[in-house]
1. When the residues of the stretch 50-90 are filtered to those that are in a loop (DSSP other than H, G, I, E, B) and in contact with a Ser or Thr (Cβ under 9 Å, 6 or more places away or on another chain), which remaining residue is nearest to residue 148 (Cα to Cα)?
2. With 150, 125, 160 as the choices, which residue is touching an Asp or Glu at 6+ places or on another chain (Cβ under 8 Å) and assigned to a strand (DSSP E or B)?
3. Which of the helices (runs of 4 or more DSSP H) found entirely inside the stretch 211-301 contain at least 2 residues meeting this: among the hydroxyl-bearing types (Ser, Thr, Tyr) and touching a helix residue (DSSP H, G or I) at 6+ places or on another chain (Cβ under 6 Å)?
4. Sort out which residues of the stretch 177-190 are within 17 Å of residue 360 (Cα to Cα), touching a strand residue (DSSP E or B) at 6+ places or on another chain (Cβ under 7 Å) and either at pLDDT below 85 or not in a loop (DSSP other than H, G, I, E, B) (or both), and write them in order of number.
5. Any chance you could count how many residues in the stretch 302-338 are without any contact (Cβ under 8 Å) to a residue 12 or more places away in the chain and not in a loop (DSSP other than H, G, I, E, B)?
6. What number goes with the only condition from (1) under 23 Å from the mean Cα position of the chain (by Cα); (2) outside the structural domain of residue 20 (by TED's automatic domain parsing) that residue 180 does not pass?
7. Condition test on residue 335, is it in the same structural domain as residue 266 (by TED's automatic domain parsing), at pLDDT 75 or above and among the charged types (D, E, K, R)?
8. Looking at (1) hydroxyl-bearing (Ser, Thr, Tyr); (2) under 23 Å from the mean Cα position of the chain (by Cα); (3) under 25 Å from residue 276 (Cβ atoms), which one does residue 195 not meet, given that it meets all the others?
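The values are calculated or read from the model by the stated rules, or taken from the named source; none is laboratory data. A quick note: this is a predicted structure, and the numbers were derived from the prediction, not measured. Cβ sites come from the backbone with ideal geometry, for glycine too, and all protein chains shown count toward neighbours.
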Amino acid sequence: MIRSYRYRLKPNVAQKMFFIKTFGCVRYIYNWALSKRIESFQNNNDDISWKDMSSMLTSLKKESDKLWLNDVSAECLQQSLIDLNSAYTNFFRRKKGFPNFKSKRNCNHYRAINSVVVDQDKCKIRLPKIGWVNFFSNRKYVGKFKSVTISMTPTMKFFISINVDDGKDVIDKPEISYDTSVGIDVGIKNFAVTSNGDVINNPKFLEKSIGRIKVLQKRLNRKTKGSNNYVKSRIKLAKEYEKITNRRNDFLHKISTNIVRENQTIIVEDLNISGLMKNHNMAKSILSASWYSFFKMLEYKCGWYGKNFITIGRFDPSSKMCECGYINDELKLSDRLWSCPNCGIVNDRDFLAAKNIKKFGLQRRNLIGYSPRVAGVELVE
């Protein structure tokens, strides 16, 4: 099983400049290769293979105005071509979207596989063309080294992510049962409500810090772009956003780990988060909640601990269906409590959704029988 361990680097000034230069070279090669492949496809309706791109890169590095590409590791440049080839191939296989050109804001990382040596006892790592770099170590990784990714945050902090194969086989998952399963409904007012009745409050880290962010943003707008004061103000603003991100990730990791350890089967709803973000009245709150990251954490942690992870369809009436089977199609988003006209029960929207998510997930695995009734008429599925 592949696992990743993240450490913060302690580079000196020269090493920082080398990292920044490598980020720029990797980004340039990626964009150059992507433009060549797009041009070839538009003009000749043909694609350029990775081997041909590798040969073209060798010729590019020999040009007089491109000699600066030789200052960085050739492996990192070749790895960017491999990453582009994977993204390009996945697009035509209809797995993901078309690869985009990378900018300075979102491409401050590169990968290395060969010529990397990690000394965990001395907390050092040797990278190609840069030598030994110190890093902070709070734990040691166990397993066979696979690759390393060097990245930089907007606050000029450098990190390494070491991927290792721990040699452990995939844990056999237990049988799915009703008693050991839990349905989770996420929201804005309450971050999550489980079918067991647990309510997790939304910490709203972004909303609590929005005042400070507005002040720092106004100070940044008053500075001359490109000046030293502009750089200082930008870093202050980036640090504030970094604090929010760290708090949110800490909260999500603690909640997801606790849920996975206490339950054998976790059932969630496949939400169209990108579609919900188009509602400008709710976009900021949805972005602050980070539902997508929460679901991803639940999914890969279920793989770690050998638990079951089930998703139900986004069009299932989880919050509109009463326990008796009646579906309230006239339910509005503002209605948090609603009374069923069929049985008279007053339903809490979030708790009812969590119970229905669990019910739909187990029903699709043929573990429970279910025959809903709409307006008193029994339907058989």
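1. Checked the stretch 50-90; the qualifying residue nearest to residue 148 (Cα to Cα) is 73.
2. Of 150, 125, 160, the one residue that is touching an Asp or Glu at 6+ places or on another chain (Cβ under 8 Å) and assigned to a strand (DSSP E or B) is 125.
3. Correct list: 228-262.
4. Selection gives 181, 182, 183, 184, 185, 186.
5. 1
6. (1)
7. The answer is no for residue 335.
8. So residue 195 meets the others, but not (2).
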